[in-house]
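Worksheet for the structure shown next.
The values are calculated or read from the model by the stated rules, or taken from the named source; none is laboratory data. In this text the structure is predicted, and so the values were computed from the model without any measurement. In this analysis, Cβ positions are derived from the backbone assuming ideal geometry, glycine residues included, and neighbour counts consider all displayed protein chains.
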Amino acid sequence: MDLDDLRLTTAHALVAEALGERLPSADGPSTPYLQALIDGLCELSLKDPLTGLHNRRYFDAVIESEIDRVARTGEAALLLMIDIDHFKQVNDIHGHLVGDAVLKEVARAIRSCMRPMDTVARYGGEEFAVILPACQFSFGNRVADRVREAVQAIPIEASSAQSLQVTISIGGAYAIQWIRSTPSLWTERADTQLYQAKAGGRNRTCIEEPRDSTVTAEEKNMLLAPLSLSSGWGDLMPSQTFSLGSAH
């Protein structure tokens, strides 16, 4: 394949800026170069260009996977929705360049508080979302408060003579164990807590109390055991049926 026949200038520039020396030379064999270029473009398509965090596309894929994992294993998982307080005033008073600096610093602070296994994404505008798998119920408020305090401690330079201090509000909700909910329902629950944090004065966290979806060992076996080809849910005796409650 003659690379000169392809219009790769823009793609090369984008990937080279992100990957640097990891991008093979275009003068070498074409296959490794094109594969690296494709992989680099895929990686860029899942990142927010301003903050370097994952973007909404990546978040949507991860939250689907996490809901499936919680439904199968019953392990805890926490979703945090984070919003920068009074961000519009920052843009209106100091300009969008300072607003961009605020977004970058807040993103860096959130990321620094999280584990490698956690997913941190820019959800949209001045809002961020974090998915924390295997986060036990007793840790939720402590994790959220650690993030809030880390952001509050950052001095952000608005000009040579002025620095800003911004705050965030955080709402959180745990995935319902053993129940296959939906991303929209989980996000809506976390958003409701975020609105409560805002209404309560901002610069605070509100985590929804975990919902009880306990099932017995027998019910877990019924959930996880494969059904035979000759039987189905309708073959269960009345005494064997069970209810997990509403996914809402």
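Do you know which of the residues in the range 21-31 that are surrounded by 12 or more Cβ atoms within 10 Å (Cβ to Cβ) and more than 30 Å from residue 101 (Cα to Cα) is modelled with the lowest pLDDT? Result: 26. Residues in the range 191-226 that are part of a loop (DSSP other than H, G, I, E, B) and either touching a Pro at 6+ places or on another chain (Cβ under 9 Å) or modelled with pLDDT of 95 or more (or both) were compared, and the one that is farthest from residue 69 (Cα to Cα) is 201. Considering (1) at pLDDT below 95; (2) under 17 Å from the mean Cα position of the chain (by Cα), the lone condition that residue 169 does not fulfil carries the number (1). If I ask for residues that are modelled with pLDDT under 95 and either surrounded by fewer than 19 Cβ atoms within 10 Å (Cβ to Cβ) or within 14 Å of residue 165 (Cβ to Cβ) (or both), which ones from the range 74-89 would you list? Within the range 74-89, 74, 75 meet the criteria. Within the range 74-87, restricting attention to residues that are within 18 Å of residue 170 (Cβ to Cβ) and outside any strand (DSSP E or B), the residue that is farthest from the chain's Cα centre (by Cα) is 86.
The set of residues in the range 42-57 that are surrounded by 17 or more Cβ atoms within 10 Å (Cβ to Cβ) and of a type in the set (Asp, Glu) contains only 48. Counting only strands (runs of 3 or more DSSP E) wholly contained in the range 100-167, the ones carrying 2 or more residues that are loosely packed, with under 15 Cβ neighbours inside 10 Å occupy 156-159, 162-164. Within the set of pairs 6+ apart or on separate chains, which have a first residue in the range 76-102 that is within 18 Å of residue 192 (Cβ to Cβ), a second that is among the acidic types (Asp, Glu), and C-beta atoms under 6 Å apart? Pairs found: 77/66; 81/191; 83/127.
The residues on offer are 18, 11, 61, 71, and the sole one that is part of a helix (DSSP H, G or I), of a type in the set (Gly, Ala, Ser) and modelled with pLDDT under 80 is 18.
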